[in-house]
1. Can you give me the % of accessible surface on region 82-155 that is carbon or sulfur? Probe 1.4 Å, all protein chains present, nothing else counted.
2. What number, in nm² with one decimal, is the all-direction average of the projected area of the convex hull of the alpha-carbon atoms of region 106-241?
3. Within the set of other residues whose C-beta is less than 10 Å from the C-beta of Lys157, count the net charge using Lys and Arg as +1 and Asp and Glu as -1.
4. Sorted by average packing, counted as other Cβ atoms within 10 angstrom per residue and highest first, what order do 100-112, 17-29 take?
5. Not counting ligands, DNA or RNA, and with a 1.4 Å probe, what is Arg145's accessible surface area in Å² rounded to the nearest 10?
6. Convex hull over the Cα atoms of region 124-188, averaged projected area in nm²?
7. Excluding residues fewer than 8 places away in the same chain, name every one of the aspartates and glutamates whose C-alpha is closer than 16 Å to that of Lys19.
8. For percent of Cα pairs over 25 Å apart, several values are listed as (1) 42; (2) 38; (3) 47; flag the one computed from this structure.
Amino acid sequence: MITLRDVTKTYNNDEHALKNVSLTINEGDIFGIVGKSGAGKSTMLKLIGLLTEPTTGEIELLGKNVAGITAAQANEIKRNIGTVFQGFNLLMQRSVAGNIAFPLELVKQDKAAIQARCAELAGLVDLSEKLPAYPAQLSGGQKQRVAIARALATNPKIMLCDEPTSALDSFTTKEILRLIKEINQKLGVTIVIITHEINIVKAICNRMVVLNGGRIAEMGDTSEVLKNPQHDATKLLLDGI
């Protein structure tokens, strides 16, 4: 589903954001990428989302090596990747329905299909009664539900979640994590969660990687990594629980 092979990403200042990273995310995983600020999480998200290219190494998404692909091929892959952003990133002048519809309008679906899909997704995220409402009228949890629905609009195979609960209280966090798990189980969407909170990974992810200074500190089944952490970076994250 998602494979990185010996990937290094270097920016203009010659600082390694990621160095020699290799990992595989399997179809149907809820995969957690965890680490402190500056560990390389955001760079990994950009690489998987085709928002940047590796300096060296290979990336394979949905069975395609992305090196040298055409713009049309890249767009096809991107249509199969939905993203839930940390700050919701909703369009404030659009209603809930308008926000969910936006990706479908970009791919020029007809109005009837868009309306049907919006209704379906609003039901999935328990916001059917909020379709006419605007973001300013919603709670933080409701805004994130809209963002999740929008990310699912084009039936993606992969959903990337960038710190999806960082702006939410503990109760709402549990509700959003429950929804994400339900989506994974009902729709079979592979989910990648970027977070600095190891509790989030513990609660929902079946597999995980700990990044430290742009390198993989450790990786494996979540239960095994957390039960027997080997690296100081993991132990420090666990100390913060």
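1. 51 percent
2. If I average the Cα hull's projected area over directions, I get 9.7 nm².
3. Once all neighbours under 10 Å are counted, the net charge is 0.
4. With the highest mean Cβ count within 10 Å placed first, the list reads 17-29, 100-112.
5. Using a 1.4 Å probe on the heavy atoms, I get roughly 40 Å².
6. If you wrap the Cα atoms of region 124-188 in a convex hull and average its projections, you get 4.5 nm².
7. In chain and number order, the partners are Asp6, Glu53, Glu58, Glu218.
8. For percent of Cα pairs over 25 Å apart, the calculated option is (1).
The values are calculated or read from the model by the stated rules, or taken from the named source; none is laboratory data. Here the structure is a predicted model, which means the values were calculated and not measured. Heads up, the Cβs are rebuilt from the backbone with ideal geometry, glycines too, and the neighbour counts pull from every protein chain shown. SASA here: full protein model, heavy atoms, side chains in, ligands and nucleic acids out. Shrake-Rupley method; radii C 1.70, N 1.55, O 1.52, S 1.80 Å.
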